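Accompanying notes for the structure given below.
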Amino acid sequence: MKISKAKAKDLINASKGKFFSVAFTKKNGELREMNCRKGVKKHLKGGELAFNPDSKGLVVVWDAQKKAFRMINTGGITELKINNETYSVVGIIE
């Protein structure tokens, strides 16, 4: 099923801590696939980000393979697997 990048971002933000897979193009042009989830608090070290990730089109997630926090470029998402559904992501983000 095809969805917009904005809908993909909404699905990620509404995932309620469940694992999902995402494929996206990194800022340097490299394709990245990641199994991750939002809402992880266990590995926080304190402190805060110096910027608002949402304003830069980024979503902060916990990467299950690297066991570290990473950011997804929502403008580069090409595929999203969430809630037992696979989505092909098209269009531009608003």
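Among what's in the stretch 41-67 and is hydrophobic (A, V, I, L, M, F, W, C) and at pLDDT 90 or above, pick the residue that is farthest from Ala6 (Cα to Cα). Can you show your working first?
Of all residues in the stretch 41-67, those hydrophobic (A, V, I, L, M, F, W, C) come to 44, 49-51, 58-62, 64.
Next cut, at pLDDT 90 or above only: 58-62, 64.
Values: Leu58: 12, Val59: 12, Val60: 16, Val61: 17, Trp62: 20, Ala64: 24 Å.
So the residue we want is Ala64.
Which of the residues spanning the stretch 28-66 are under 22 Å from Lys16 (Cα atoms) and hydrophobic (A, V, I, L, M, F, W, C)?
If the condition is that a residue be under 22 Å from Lys16 (Cα atoms) and hydrophobic (A, V, I, L, M, F, W, C), then Met34, Cys36, Val40, Leu44, Leu49, Leu58, Val59, Val60, Val61, Trp62, Ala64 are the ones that fit.
Give me the pairs: first residue in the stretch 1-28 and touching a residue at least 24 places away in the same chain (Cβ under 8 Å) and among the aromatic types (Phe, Trp, Tyr), second residue surrounded by 14 or more Cβ atoms within 10 Å (Cβ to Cβ) and assigned to a loop (DSSP other than H, G, I, E, B), beta-carbon distance under 9 Å, and six or more apart or on different chains, which are they?
Pairs that qualify, where the first residue is touching a residue at least 24 places away in the same chain (Cβ under 8 Å) and among the aromatic types (Phe, Trp, Tyr) and the partner is surrounded by 14 or more Cβ atoms within 10 Å (Cβ to Cβ) and assigned to a loop (DSSP other than H, G, I, E, B), are Phe19/Ala64; Phe20/Lys38.
I'm trying to understand the selection: among the residues of the stretch 71-92, which are farther than 15 Å from Gly17 by Cα, within 13 Å of the chain's Cα centre (by Cα) and not hydrophobic (A, V, I, L, M, F, W, C)?
Answer for the stretch 71-92, where residues must be farther than 15 Å from Gly17 by Cα, within 13 Å of the chain's Cα centre (by Cα) and not hydrophobic (A, V, I, L, M, F, W, C): Asn73, Thr74, Gly75, Gly76, Thr78, Glu79.
Return the residues of the stretch 1-14 that are exposed (fewer than 11 other Cβ atoms within 10 Å of the Cβ) and among the hydrophobic types (A, V, I, L, M, F, W, C); say none if nothing qualifies.
Step one: of the stretch 1-14, the residues exposed (fewer than 11 other Cβ atoms within 10 Å of the Cβ) are 1-2.
The one that is exposed (fewer than 11 other Cβ atoms within 10 Å of the Cβ) and among the hydrophobic types (A, V, I, L, M, F, W, C): Met1.
Residue by residue through the stretch 32-90, note down the ones that are polar (S, T, N, Q), in contact with a helix residue (DSSP H, G or I) (Cβ under 8 Å, 6 or more places away or on another chain) and within 12 Å of Lys9 (Cβ to Cβ). Walk me through it before giving the result.
Applying the first criterion (polar (S, T, N, Q)) to the stretch 32-90 yields 35, 52, 55, 65, 73-74, 78, 83-84, 86, 88.
Cutting the leftovers down to in contact with a helix residue (DSSP H, G or I) (Cβ under 8 Å, 6 or more places away or on another chain) gives us 74, 83.
Within the stretch 32-90, just Thr74 meets the criteria.
Name the residue that is farthest from Val59 (Cα to Cα), counting only residues in the stretch 1-23 that are hydrophobic (A, V, I, L, M, F, W, C) and in contact with an Asp or Glu (Cβ under 8 Å, 6 or more places away or on another chain).
Of the stretch 1-23, the ones hydrophobic (A, V, I, L, M, F, W, C) are 1, 3, 6, 8, 11-12, 14, 19-20, 22-23.
If we keep only those that are in contact with an Asp or Glu (Cβ under 8 Å, 6 or more places away or on another chain) as well, we get 1, 6, 22-23.
Working: Met1: 22, Ala6: 12, Val22: 12, Ala23: 13 Å.
Per the stated criteria, the residue is Met1.
The values are calculated or read from the model by the stated rules, or taken from the named source; none is laboratory data. Computed from a predicted structure; not experimentally measured. Here Cβ is always computed from backbone atoms with ideal geometry, including for glycine, and neighbour counts include all displayed protein chains.
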